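Each remark here refers to the structure printed beneath this line.
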Amino acid sequence: MNIGQASEASGVTAKMIRYYESIGLISQASRSDSGYRQYSRNDIETLRFIKRSRDLGFSIERIKTLLALWQDRGRKSSEVKKLARQYISELDRDIRKLQSIRDQVQHLADCCHGDNRPDCPIIDDLAAGHGDLHQAYVGGAVVSNQ
């Protein structure tokens, strides 16, 4: 099948298929006599594997490792589980960081009167570049929250 058909069958855009080929995530497609890329059922399965991995947020480097493990019928599931656990730890760190950011933005939004006055603790905090909210805006004045 050609790249358009492979794209439709796998759910991966033609542009991404070409990109995955260019970085070696998938092998170069065979070419027809007229130079068109040709994909096999195995190629489609690999693209679906990559798509699902990307949907779960795995990095390209991890997907390379997962592909190698998937293709290695003698693999140990413990290797796959270890990789997944490492990723879970990273996701947990990212969740904590995003929750902290959300809490900071929520605090700033709560401190903003949201009226017609020009003073705004959100803008003031962004301009001050605090980064970690060691100071909070309360009633129009900056106070330490330590």
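None of the figures in this text is laboratory data; all of them are computed from the coordinates on show. Keep in mind it's a predicted model, so treat the numbers as computed, not measured. Heads up, the Cβs are rebuilt from the backbone with ideal geometry, glycines too, and the neighbour counts pull from every protein chain shown.
Within the stretch 88-111, none of the residues are touching a residue at least 40 places away in the same chain (Cβ under 8 Å) and either surrounded by 15 or more Cβ atoms within 10 Å (Cβ to Cβ) or not in a helix (DSSP H, G or I) (or both). If you go through the stretch 1-35 and keep only what is within 20 Å of ASP55 (Cβ to Cβ) and in contact with a Phe, Trp or Tyr (Cβ under 6 Å, 6 or more places away or on another chain), you end up with ALA6, ILE26.
Among the residues of the stretch 112-127, write down those that are surrounded by 11 or more Cβ atoms within 10 Å (Cβ to Cβ) and part of a helix (DSSP H, G or I). Within the stretch 112-127, PRO121, ILE122, ILE123, ASP124, ASP125, LEU126 meet the criteria.
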